[in-house]
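This report concerns only the one structure given below.
The values are calculated or read from the model by the stated rules, or taken from the named source; none is laboratory data. Remember, predicted model here, so these are calculated numbers, not experimental data. Cβ placement follows ideal geometry from the backbone for every residue including glycine, while neighbour counts extend to all protein chains displayed. For the accessible areas, the whole protein counts, side chains as well, though only heavy atoms, and no ligand, DNA or RNA atoms are used. Shrake-Rupley method; radii C 1.70, N 1.55, O 1.52, S 1.80 Å.
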There are 2 protein chains.
Amino acid sequence: MPKQTFFNLPPDKRQRIINVALEEFAARPYSKASLSNIVARAGIAKGSMYQYFEDKKDLYTYLFDLAAQEKLAYIGKMIDPAADFFTAVEQTMLAGMRFNLEHPRLSQVYANAMEPLGEEILHELYIKSKSVALDFLEQMIRRGQQQGSVRLDVDTRLAACWVYSILGTALLDYILDSLGVTIKEMLADPPVARKFTEDRMRGIISEVMKLLRSGLSAKER
Amino acid sequence: MPKQTFFNLPPDKRQRIINVALEEFAARPYSKASLSNIVARAGIAKGSMYQYFEDKKDLYTYLFDLAAQEKLAYIGKMIDPAADFFTAVEQTMLAGMRFNLEHPRLSQVYANAMEPLGEEILHELYIKSKSVALDFLEQMIRRGQQQGSVRLDVDTRLAACWVYSILGTALLDYILDSLGVTIKEMLADPPVARKFTEDRMRGIISEVMKLLRSGLSAKER
DNA sequence: GTATAATGTGACTAAGCAGTCATGTGACCG
DNA sequence: CGGTCACATGACTGCTTAGTCACATTATAC
C-alpha cells in the first residue's frame with residue numbers, strides 16, 4: 001500500500017508519477033524496470049519516491065491493482081448480465097480487445113505480471129489473479145449449463161482454462177499475426193493499433209466464436 | 001555459437017557446465033540468471049566461461065536451441081505421420097506433456113523464452129520459434145481439411161493460434177490447477193510431477209480433445 | 001513570529017552484474 | 001632443454017541497481 005503522503009499529493013503530481021511509472025513498468029519486465037529512471041523522468045527525487053511507497057514492489061503492486069481494477073470495470077460495464085453464455089463470452093472478448101487498444105500501458109502492466117514463469121516476486125499476484133479469472137469463467141460456464149446453452153458433459157474447470165487461454169493468448173496471437181507486428185511494436189507504436197477497426201475486431205471475434213461454439217470437427221456430433 | 005574451445009572440453013566437464021547453466025536459466029528469467037552463479041556452481045573460473053561462449057546471450061541461445069531440438073525430436077518420434085489430424089494433435093499433446101514431465105529443465109528453459117513480453121534480447125528467439133510452430137500447426141490443419149476431418153469454413157491461421165494456445169497454456173493451466181500446485185513448485189519438486197500417471201494424462205487429453213472436436217455448444221450444428 | 005510537523009532532496013552505501021585481462025599452468029613438439 | 005600453443009584463473013573495471021539518511025524546504029498551528 002502506498003503511504004498516506006502519496007495520497008496527500010496534488011492530483012496532477014500524483015498522476016504524473018503514475019503515468020511515468022506505468023510507462024516504465026509497461027516497457028520493461030519488473031526486474032529491469034528502474035526506479036532511478038522513473039524518478040528522473042517524473043522530475044522528483046529518489047528519496048521522495050520512498051516517502052510515497054514502501055519499496056519497488058509496493059509501487060508495482062499499486063499499479064497492477066490499478067490496471068486490474070480498471071480493466072475489470074471496463075469489461076463489467078460492457079457485459080449484459082442477462083445475456084446467455086456465448087453472448088457474454090463474445091462481449092467479454094470485444095471489451096477486452098477494446099481495453100487493450102485503448103489503454104495499452106495499463107493492459108501491458110497487467111499482462112507483465114501474468115507470465116507463468118515470471119519474476120518470483122510477482123508470483124503471488126499471478127496466482128491470485130489467475131484463480132480469480134478462472135473461478136469467474138467457471139461460474140459463467142456453469143450458468144451456461146443451467147441455461148441449456150452449454151453441454152453438460154464438459155469438465156467446467158477445463159473449459160474455463162480453455163476460454164481463458166483463448167482470451168489471453170490465442171486471440172492476441174492471431175491479431176498480432178494478422179497485423180504482421182509483434183506485441184512490442186504495437187505497444188511502442190499506438191497508431192498501429194488503430195489499423196484495427198471495429199469491423200475487423202468483430203470479424204475476428206465472430207471467427208473465434210465459431211470455433212468456440214462448434215469446434216473444429218467436420219463431423220456432426 | 002559456442003567457441004571451439006567448448007567442444008574441445010572433456011565431455012563430462014562440458015556436460016556439467018550445461019547442466020548447471022540449464023538449472024540457472026530454468027530457475028530465473030534471463031536477466032536475473034547470473035553467470036557468476038553458474039561458474040561458481042560449475043566450479044570453473046569466470047574467465048573460462050568466456051573462452052567457451054561469446055557472452056551471456058550466446059550461452060543462453062545455445063541452451064535454448066538444445067532444448068528446442070530435443071523437444072522437437074522427442075515429439076517427432078511419437079507422432080505417426082500417417083495419422084489423421086485429430087489423432088496427430090492428440091499425440092502431440094501427449095508427447096509434449098511427457099517431455100515436460102521427463103525433462104522439466106529443458107522445457108522450462110524453452111518456455112522462459114516463449115513469453116510474449118519477455119526480455120528484449122530474447123524477442124528474436126520468441127518470434128522465430130512461435131512462427132515456426134504456427135506454420136507447422138497450420139499445415140497440419142490444412143492437411144486435415146484435405147483429408148476431410150477438419151471443417152473447410154475455418155480460418156486455418158486462427159485455428160492454428162487456437163491449438164497453439166491449448167498446447168501451450170490451457171493444458172498446462174488445467175494440469176497445474178488440478179494438481180493444486182504452481183508451475184514453480186512443480187519444477188522445484190519433481191516428485192510432484194509423478195502424481196501424474198499415464199492414465200490421468202490420457203484422461204485430461206481426451207477431455208481436451210472432446211472440446212477440440214466439438215466445442216462447447218449444446219446445440220448440434 | 002515562532003514552533004512544530006510534513007514533505008522534499010540527492011549524495012551515498014552496499015551489492016550485484018557482465019565482461020576483461022595479465023598472468024599462470026601444463027601439454028605437446030623439436 | 002626451450003618454445004609454442006591452448007586453456008585456466010580470479011582480481012579487477014565500470015556500470016547499474018534498490019534503498020537510506022542527514023539535511024533543507026515548505027506548510028500549518030498558535
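B:A67 falls short on exactly one of the conditions (1) within 14 Å of DNA strand D (Cβ to nearest atom); (2) within 14 Å of chain A (Cβ to nearest Cβ), and that condition is (1).
Of the numbered criteria (1) within 16 Å of DNA strand C (Cβ to nearest atom); (2) part of a helix (DSSP H, G or I); (3) of a type in the set (S, T, Y); (4) in contact (Cβ under 8 Å) with a residue 60 or more places away in the chain, the one B:T92 fails is (1).
Of all the residues in region A:1-34, those that are within 11 Å of DNA strand D (Cβ to nearest atom) and over 22 Å from A:M114 (Cβ atoms) number 2. Any idea which residue in region A:17-38 is surrounded by the fewest Cβ atoms within 10 Å (Cβ to Cβ), counting only those that are within 12 Å of DNA strand C (Cβ to nearest atom) and either part of a helix (DSSP H, G or I) or more than 14 Å from chain B (Cβ to nearest Cβ) (or both)? Checked region A:17-38; the qualifying residue surrounded by the fewest Cβ atoms within 10 Å (Cβ to Cβ) is A:S36.
With the condition kept exactly as written, say whether any residue in region A:67-89 is under 21 Å from A:E119 (Cβ atoms) and open to solvent by 10 Å² or more (accessible area, probe 1.4 Å). Yes, the conditions are met somewhere in region A:67-89. Once region A:46-62 is narrowed to residues that are assigned to a loop (DSSP other than H, G, I, E, B) and open to solvent by 60 Å² or more (accessible area, probe 1.4 Å), the residue that is farthest from DNA strand D (Cβ to nearest atom) is A:E54.
Between A:R41, A:R14, A:R105, the distinction of being touching a residue at least 60 places away in the same chain (Cβ under 8 Å) and in a helix (DSSP H, G or I) belongs to A:R105 only. In region B:150-173, is there at least one residue being closer than 18 Å to B:F85 by Cβ, more than 7 Å from chain A (Cβ to nearest Cβ) and outside any helix (DSSP H, G or I)? Among the residues of region B:150-173, at least one is closer than 18 Å to B:F85 by Cβ, more than 7 Å from chain A (Cβ to nearest Cβ) and outside any helix (DSSP H, G or I), which makes the answer yes.
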